[in-house]
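Shown next, in structure tokens, is the structure this report addresses.
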Amino acid sequence: MSDQQARIGRWVRPAVQALKAYHVQPAARTIKLDAMENPYHWSEEMVDAWLARLRQVELNRYPDPAAAGLKTRLREAMGVPAESELMLGNGSDELILLLALALGGAGKTVLAPGPSFVMYRIIAAMAGLEYREVALRAEGFELNLPAMLAAMEEQPPAVVYLAYPNNPTGNLFRREDIETIIERAPGVVVVDEAYFAFAGDSFMADLTRYPQLLVMRTVSKMGLAGLRLGLLAGHPDWLAQLEKCRLPYNINVLTQASAEFALDHRAVLEEQSARIRRDREGLMSELAAIPGLQPFPSQANFIAFRVPPGRAGELHGALRERGVLVKNLHGSDPQLADCLRVTVGTPEENAAFLQALKASL
Ligand SMILES: Cc1ncc(COP(=O)(O)O)c(C=O)c1O
């Protein structure tokens, strides 16, 4: 072992040494259906109006640390209850990190069902929290409520994450199960509504019933992934604590101005999401009609599907060869054996994906 390796081995936390860095697939010259992005951009006219707005931004000044104007628009757009407080993050990833910083420390636990969003685990490891996972039921990827409750008893978690709908399975868990978990949790429960624009249900209004509930959202999936903006809504007492861990200027001036502009044109974003929801149904029936494939019902802007045994890696590669990038879920969790995940794209992209998939099969 070199001196350098020995030094690293001595000083970098073992949990960090054991981590694999989050991998993003190279995407040049491909139809990119791997990251749940909205495939639509804006009209020329709207882009011009946006650029005109950006001309007024003062890059020499720090951003408004409270992002007051943006928060007002987000409250309105997201239906945040008046009595709830709001905190913004550089993507919801940063909010997950802030929660880990505020609630973490030796002996603290994060609990989530699995498979779920990988950053819950990665960030817990980064921040030195123990991550515990309770397997979803094989049938319909529902929560295993008795097992979740038993896990909470056995090792009380500081935070429970429930993605609603869940990534990468795409389903909404049963609302009653989530309510029971919120009622019985010893710490906070974060309902992660990253895909709310496609879901048709939300816990935002339930914030007024449950002071231990936090609802997290992002603008990423509604067409603004490049901005990096997430929000956490919840009881002011909790948010006051979490705010102390937020770096003062975490939402930059370009993000604040652009997000305000986009929310002034909410109808455009909502129309895009509605189109994606409609196209999801078409894509679902097309996938279901291909012999040997099993797509799973989705309330998000992506569809996970099982391919014939042993072929996920090969098909993922064959699709990439044909210029279509999807996510290979095989190997990430035993319940996702032989599974791929595709984001709903434009009708043209979906057709190209289906054609490439059929040809590869
Ligand atoms: C469930 C879930 N939460 C949060 C995120 C991250 O969102 P953001 O882009 O705001 O960091 C994702 C991204 O894929 C997700 O699937």
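The values are calculated or read from the model by the stated rules, or taken from the named source; none is laboratory data. As the structure is a computational prediction, the values presented were derived from the model and not from experiment. Positions of Cβ are generated from backbone atoms using ideal geometry, with glycine treated the same way; all protein chains shown enter the neighbour counts.
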* Would you confirm whether any residue within region 265-277 is assigned to a helix (DSSP H, G or I) and farther than 19 Å from Lys221 by Cβ? => no
* To do: Name the single residue, out of those in region 89-121 being part of a strand (DSSP E or B) and buried (at least 23 other Cβ atoms within 10 Å of the Cβ), that is farthest from the ligand (Cβ to nearest atom).
  => Leu111
* To do: Count, please, the residues in region 8-46 that happen to be over 27 Å from Phe302 (Cα atoms), in contact with a helix residue (DSSP H, G or I) (Cβ under 8 Å, 6 or more places away or on another chain) and in a loop (DSSP other than H, G, I, E, B).
  => 1
* To do: For region 325-344, indicate whether the set of residues that are modelled with pLDDT of 95 or more, touching a Cys at 6+ places or on another chain (Cβ under 7 Å) and surrounded by 18 or more Cβ atoms within 10 Å (Cβ to Cβ) is non-empty.
  => yes
* Structure fact -> Within region 122-135, residues surrounded by 19 or more Cβ atoms within 10 Å (Cβ to Cβ) and either among the basic types (Lys, Arg) or touching a Ser or Thr at 6+ places or on another chain (Cβ under 7 Å) (or both) come out as Leu129
* region 153-180, residues that are away from the ligand (no atom under 16 Å from the Cβ) and surrounded by 21 or more Cβ atoms within 10 Å (Cβ to Cβ) -> Pro157, Ala158
* Do we find that Ala18 is of a type outside the set (D, E, K, R) and in the same structural domain as Pro157 (by TED's automatic domain parsing) in this structure? -> no
* To do: Quick one: Arg75 ticks every box in (1) touching a residue at least 24 places away in the same chain (Cβ under 8 Å); (2) more than 17 Å from Ala185 (Cα to Cα) except a single one, so which number is it?
  => (1)
* Could you please let me know if Gln56 is modelled with pLDDT under 95 and surrounded by fewer than 11 Cβ atoms within 10 Å (Cβ to Cβ)? => no
* **Hits in region 182-211 (condition: in contact with a strand residue (DSSP E or B) (Cβ under 6 Å, 6 or more places away or on another chain), β-branched (Val, Ile, Thr) and either farther than 17 Å from Ala147 by Cβ or in a helix (DSSP H, G or I) (or both))** => Ile182, Val188, Val190, Val191
* **Residue check, Ala147 of a type in the set (A, V, I, L, M) and either closer than 20 Å to Ala15 by Cα or within 13 Å of the ligand (Cβ to nearest atom) (or both)** => no
